[in-house]
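A short worksheet on the structure shown next.
The values are calculated or read from the model by the stated rules, or taken from the named source; none is laboratory data. The structure presented is a predicted model; accordingly, all values stated were derived computationally and were not measured. Don't worry about glycine lacking a Cβ; one is built from the backbone with ideal geometry, like all the others, and counts go over all protein chains shown. What goes into the accessible areas is simple: the full protein's heavy atoms, side chains included, and nothing from ligands, DNA or RNA. Shrake-Rupley method; radii C 1.70, N 1.55, O 1.52, S 1.80 Å.
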Amino acid sequence: MIKKILLALSLAPTIAFANQVEILADNIEQKVIQWRHHLHQYPELSNREFKTAAYVEKHLRALGLEVQTGVAITGVVGVLDSGKPGPTVALRADMDGLPVLEQNDLPWKSTQRGVFNGNDVPVMHACGHDTHVAMLMGAAEILVDMKDQLTGKVKFIFQPAEEGAPAGEKGGAEVMVEEGVLKNPDVDAIFGLHISSNTDVGKVRYREGGVMAAVDPFKIVIKGKQAHGAYPWLSVDPITTAAQLIMSVQTIVSRELRLLDDAAVITFGKINGGVRSNIIPNEVELVGTIRTLNKEAREHIYEALPRKMKGIADSMRAEAELTLPLDYNYPITFNDHDLMAKMLPTLVETAGQENVLYSKPVTGAEDFSFFQEEVPGVYLWIGGKPLDVDEKDAPAHHTPEFYVDDSGMKLGVKLLTNLTLDYMEKHAK
Ligand SMILES: [Zn+2]
Ligand SMILES: [Zn+2]
């Protein structure tokens, strides 16, 4: 890690705009905080970000940007055209909150409610997407201020439904890509940030390659033959078949994957079969999730899972059917190696060498990956944890106590701005 940072320093160019961005970020900080408090107080669920979208739209129009609304239901896209030739850089913020009841005692605490899959639920920005929206609104304002110094175009993408669309709906980055968000003007590179409740304010964490996992939910139905529990020889037992299959599938990760490269996970989250003690049922249903950080591992599991199923089912005279992916899937959040290497000096210059941390990958997922499947992209984490809170006491994302501090956002605003300026400088057309 130390080696990497030193290398980055030795390659660091003089960032011509860094001082100006610093001053503009200082000037705008209180506004960003006010926007964040408003957004935090009025969170909305995935695919229902109507007021949030209107709030963003109003800001982008006031800045004089060309604005498109209703992208993937509630998405808002603003384009800043410098009028000079150059690349198109996209910056992305996700906008949705979660069905969580906020427990923090804040003047801007959420008391909002919404409907999720037919149920009345509390709504909270329990993943920090309020800060993402506020930071990108801030970066947009600074970049508009610096328009004369830009070469190319900037696309501001405010994305709905990162946390997943409600049942029966599609949404988020995948749909935005389908609707052409990366086209016209065609995006050359995309950057995104996630605030982190257990990373110190002022720090930025990065990694190249697989940074967050692909998610592939699956369903297996094992079909046997029903019989009285007292006469198992008359059955083809899907329960004992399922038991063997679950254990056998665990060996795909532990015995077949090259774990030195990357971690991988196969988890069964649900088993359903049978009604009472003395009946061997007809079938058993298993539902699980696969998490991988590189393409080879993902492809390997796609090959191995049906192989294990067939081997075990055949040996038990049962049949097994696989649905993979089950209802949705996310690709690997993959930071393009060249782009990450090229932009690392910007992180060092913006945050200070001691604040740039090389990160471990995460087996959670992020639909920013859909953008990265189309164009080179870099996804970073920035700190939201107050310095006086111990890491082990920091409340986790998606919990009622989740908290990230306002003071973490200034670094995010600066990073989004400097990444754009530096990318343009390095890719002048
Ligand atoms: Zn989340
Ligand atoms: Zn999130």
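Miscellaneous remarks
- Nonlocal Lys pairs with alpha-carbon distance under 15 Å, region 214-323 (8 or more apart, or different chains): 4
- Net charge over other residues, Cβ less than 15 angstrom from the Cβ of V253 (K, R count +1; D, E count -1): -1
- Relative to the dominant Cα principal axis of the chain, helix 409-426 is inclined by about 80°.
- Full extension of the chain between K170 and S407 gives 81.9 nm of extra length, using 0.36 nm per residue less the Cα-Cα distance.
- Pairs spanning more than 21 Å between alpha-carbon atoms, out of K109/K385; K342/K410; K360/K414; K109/K360: K342/K410; K360/K414; K109/K360.
- Centroid-to-centroid, using Cα positions, region 221-273 and region 187-213 are 36 Å apart.
- Take each peptide in 244-251, 411-418, 371-378, count the other Cβ atoms within 10 Å of every residue, and average; sorted highest first, the result is 411-418, 371-378, 244-251.
- Taken over the alpha carbons of region 214-323 as equal point scatterers, the Debye sum produces base-10 log I(q)/I(0) values at 0.10, 0.19, 0.22 Å⁻¹ of -0.31, -0.89, -1.11.
- Trypsin sites (Lys or Arg not before Pro) within region 294-400, DSSP loop, no more than 13 other Cβ atoms inside 10 Å: R317
- Gain upon complete extension [K84, D393; 0.36 nm per residue less C-alpha separation]: 106.3 nm
- Heavy-atom surface analysis with a 1.4 Å probe gives region 214-323 a carbon and sulfur content of 55 percent of its accessible area.
- Using the Cβ of E285 as centre and a radius below 9 Å, the other residues enclosed give a net charge of +1, where K and R count +1 and D and E count -1.
- Size of electric dipole in the chain: Cβ of Lys, Arg +1 and of Asp, Glu -1, about Cα centre, debye, nearest 20: 720 debye
- For region 123-138, the Karplus equation 6.51 cos²θ - 1.76 cosθ + 1.60, evaluated at θ = phi - 60°, returns couplings of 10, 9, 7, 9, 10, x, 5, 4, 5, 4, 5, 4, 5, 6, 4, x Hz by residue, with Gly and Pro reported as x.
- Cα-projected label distance for E256 with N272, points at 7 Å along beta-carbon direction, nm: 2.6 nm
- Whole-angstrom gap from region 104-121 to region 332-389, using each part's C-alpha centre: 30 Å
- The mean accessible area for residues of region 214-323, using a 1.4 Å probe and ignoring ligands and nucleic acids, is 54 Å² per residue.
- Cubic angstrom per residue, convex hull over Cα atoms of the chain: 153 Å³
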